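**Student:** Here it is, the structure, as structure tokens.
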Amino acid sequence: MKRTDIALIVVIIILAGAYYVFFGRHTTGDEVLITLDGEEYGTYPLAENQGILVESPDGYNLVCILDGEVFVADADCRDKYCMRQGKTSEPQKCLICLPHKLVVEVRSDRRGGESDIDMVAQ
Amino acid sequence: MGEAQMAHKVARMGVFVALCMIFSYIEVLIPFDFGIPGVKLGLANLVIVVGLYLFPPAEVLLISILRIFLTSLLFGNGLSLLYSLSGGILSFAVMLILKKTGWFSIAGVSIAGGVSHNMGQLAVAALILRNLRIFSYLSALLIAGLITGGLIGVISKAVLHAVGSRENGGWENGHQ
């Protein structure tokens, strides 16, 4: 082993670490899809902090996107189960409010991206 | 180049391509699992790394391309051919350049080869899938390339040490 070999190893480890810190951990979805009573209500980027007030004939849900995570901050439904489901940022995870027929799901900007990766990894 | 020398060269390359394919077969039989999907030790690269230190670069490149085509035909599919080819050619180019500079030992050259092999495959995967999210794999693949390249480098050094004494008489010019 030469000193340049050690330098090469250190550079690769630093690159991998830096990439992981800046980009690697973002294995999350890109946007939030809100569905109300089976119909698409809207999509919102997960990167943008915002509050979305979803009003339906049954009541309201306040969906919040904060620091790359989505959660239901407030609702006037009976069970408040949507609020208790907590925060999520992972694709294929949903927050559901049954009384209001509301589904909040995180997805990647390309549908089926996950399954494509799985296919190739076989 | 005489006819006998040419024959010797062809035979030698055949032996090395066969060796690559045996290593690939061993890896199909006994996968070395690193816990990351798609990451493998790349025993066949051992032949390429050792070859770089014994034979002219053009010959090693030809061995590498031949074994990629043949192993993809035997164990893989059309997609795996694309991945192997991109990784194989990129890592060959990087290793050749680093070796020519003379700054690195065989371990460093092999590590650079392992890492660039993974990077080449990742780039092609991103192109084929048209999905940049696959780059979230990059850190893991960098480290995986570092480890597998390092292992191959250590083994290559031992192999070269063993055959080194014959390098002048036996390997380079058939019948001196």
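**Student:** Would you please name the residue that is modelled with the highest pLDDT, looking only at residues in region A:90-122 that are part of a loop (DSSP other than H, G, I, E, B) and within 13 Å of chain B (Cβ to nearest Cβ)?
**Tutor:** Filtering first and then ranking leaves A:90.
**Student:** Sort out which residues of region B:72-128 are among the aliphatic types (A, V, I, L, M), more than 30 Å from residue B:161 (Cβ to Cβ) and within 9 Å of chain A (Cβ to nearest Cβ), and write them in order of number.
**Tutor:** B:79, B:125, B:128
**Student:** Would it be correct to say that residue A:36 is surrounded by 13 or more Cβ atoms within 10 Å (Cβ to Cβ) and more than 10 Å from every other protein chain (Cβ to nearest Cβ)?
**Tutor:** It is true that residue A:36 is surrounded by 13 or more Cβ atoms within 10 Å (Cβ to Cβ) and more than 10 Å from every other protein chain (Cβ to nearest Cβ).
**Student:** I've got another one for you. Within region B:69-86, identify whether any single residue is touching a residue at least 60 places away in the same chain (Cβ under 8 Å) and surrounded by fewer than 17 Cβ atoms within 10 Å (Cβ to Cβ), and answer yes or no.
**Tutor:** Checking region B:69-86: not a single residue is touching a residue at least 60 places away in the same chain (Cβ under 8 Å) and surrounded by fewer than 17 Cβ atoms within 10 Å (Cβ to Cβ).
**Student:** Still on this structure, please answer the following. Could you tell me whether region A:31-44 includes any residue that is in a helix (DSSP H, G or I) and on the phi < 0 side of the Ramachandran plot?
**Tutor:** No; the residues of region A:31-44 include none that is in a helix (DSSP H, G or I) and on the phi < 0 side of the Ramachandran plot.
**Student:** Among the residues of region B:111-154, which ones are β-branched (Val, Ile, Thr) and buried (at least 17 other Cβ atoms within 10 Å of the Cβ)?
**Tutor:** If the condition is that a residue be β-branched (Val, Ile, Thr) and buried (at least 17 other Cβ atoms within 10 Å of the Cβ), then B:111, B:115, B:124, B:134, B:143, B:148, B:152 are the ones that fit.
**Student:** Another question, if that's okay. If only one of B:174, B:170 is assigned to a loop (DSSP other than H, G, I, E, B), more than 10 Å from every other protein chain (Cβ to nearest Cβ) and at pLDDT below 85, which one is it?
**Tutor:** Of the residues listed, the single one that is assigned to a loop (DSSP other than H, G, I, E, B), more than 10 Å from every other protein chain (Cβ to nearest Cβ) and at pLDDT below 85 is B:174.
The values are calculated or read from the model by the stated rules, or taken from the named source; none is laboratory data. All figures in this text were calculated on a predicted structure; none of them were measured in a lab. Heads up, the Cβs are rebuilt from the backbone with ideal geometry, glycines too, and the neighbour counts pull from every protein chain shown.
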